[in-house]
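To start, the structure under review is shown below, and the notes come after it.
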Amino acid sequence: LGATASLEKAIELFRATRSAEDEVMAVTLLSFVTLRLGDPRRAAALADDALDVARALGDDRSSVLALMAVGDVAWVEGDFERAIAHYEEAVTLSRRTEDALVIVNAVYNLGMAAFQGARLDRAREAFEEALARARELDDSPHIAAAQFMLAHLDLRDGRAESAGERASESLRRYADLEDRRSCARCLVLLAAAALE
């Protein structure tokens, strides 16, 4: 709740100083927090507001943030097609920013929505791109996450050896990041690959 109050005050100040880009960032973050606190209706309204401001501003980076917030709400509500559509638009705009981290984040989120929406070919394509871009940045969190999801897809496709290799790299990287929960999830994938 402290985060909510702080973000609401920041939004108020950004609006007063006409700092539209900062306002979009704060509103999308508040949407994310609100969604995690279990209020998707308010999160949706915040995300829509952020998107309106970003589109009026004409700033690609702000629009990417807002589109991903709208996509997050759709995803949580189980509307994967709508989530995918928003993430696809976010990916398109992210490429115009030429910011590698913005791109990899948008592409990875698209992959997750596609995976949840059973669009597995699109999910694989997105995770492969996220992995390649994350390797260029040496961004361990995205490498670990993409490899984890690709290991899932490999298992579904009967490619146990590849799944094991991907899960092993993911495990190493999550161990370096001291993310024990993700390490445990990787161990489950490794066990499934071994059983195959």
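The values are calculated or read from the model by the stated rules, or taken from the named source; none is laboratory data. Note that the structure is a prediction, hence the values are computed from the model and not measured. Virtual Cβ from ideal backbone geometry, glycine too; neighbours counted across all protein chains shown. Note: areas computed on protein heavy atoms with side chains; ligands, DNA, RNA excluded. Shrake-Rupley method; radii C 1.70, N 1.55, O 1.52, S 1.80 Å.
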(request) Determine the per residue accessible area of region 37-123 with all protein chains present and a 1.4 angstrom probe, expressed in square angstrom. (result) 45
(message) If I take every Cα pair under 8 Å that is 6 or more residues apart in the chain, average their sequence separation and divide by the length, what percent do I get for the relative contact order?
(response) 11
(request) Using Cα centres only, tell me the gap between region 46-96 and region 125-175 in whole Å. (result) 25
(message) I need the P(r) histogram for region 1-74: all alpha carbon pairs, bin width 5 Å from 0 out to the longest distance, whole percents.
(response) 3, 21, 30, 26, 15, 5, 0
(message) Testing the spin-label approximation: label points 7 Å from Cα along Cα→Cβ at Glu161 and Ala194. State their distance in nm.
(response) 1.9
(message) Taking the Cα of Asp176, stepping 7 Å toward and past its beta carbon, and measuring to each backbone N in region 95-115: which are under 19 Å?
(response) 101, 104-105
(message) With equal scatterers on the alpha carbons only and no solvent term, can you work out the Debye log10 of I(q)/I(0) for the chain at 0.11 1/Å?
(response) -0.55
(message) Per DSSP helix of 4 or more residues, -39500 (n - 2.57); summed, then divided by the residues of the chain. What does that give at 222 nm, rounded to the nearest 500?
(response) -29000 deg cm²/dmol
(request) Calculate what fraction, in whole %, of the accessible area of the chain sits on carbon and sulfur atoms when a 1.4 Å probe is rolled over the protein chains. (result) 51
(message) Through the Karplus equation 6.51 cos²θ - 1.76 cosθ + 1.60, θ set to phi - 60°, convert the phi angles of region 143-152 into ³J(HN,Hα) values in whole Hz; use x for Gly and Pro.
(response) 4, 4, 5, 5, 5, 4, 5, 5, 4, 4
(request) Tabulate in residue order the Karplus-calculated ³J(HN,Hα) for region 54-70, using 6.51 cos²θ - 1.76 cosθ + 1.60 with θ = phi - 60°, rounded to whole Hz; enter x for Gly and Pro. (result) 5, 5, 5, 6, x, 9, 4, 4, 5, 5, 4, 4, 5, 4, 5, 5, 4
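What is the calculated FRET efficiency for Ala16 to Asp48, with r their C-beta to C-beta distance and R₀ = 25 Å, to the nearest 0.05? Spell out each step's value before the answer.
Values: r = 21 Å, r/R0 = 0.86.
Computed FRET efficiency for Ala16 and Asp48: 0.70.
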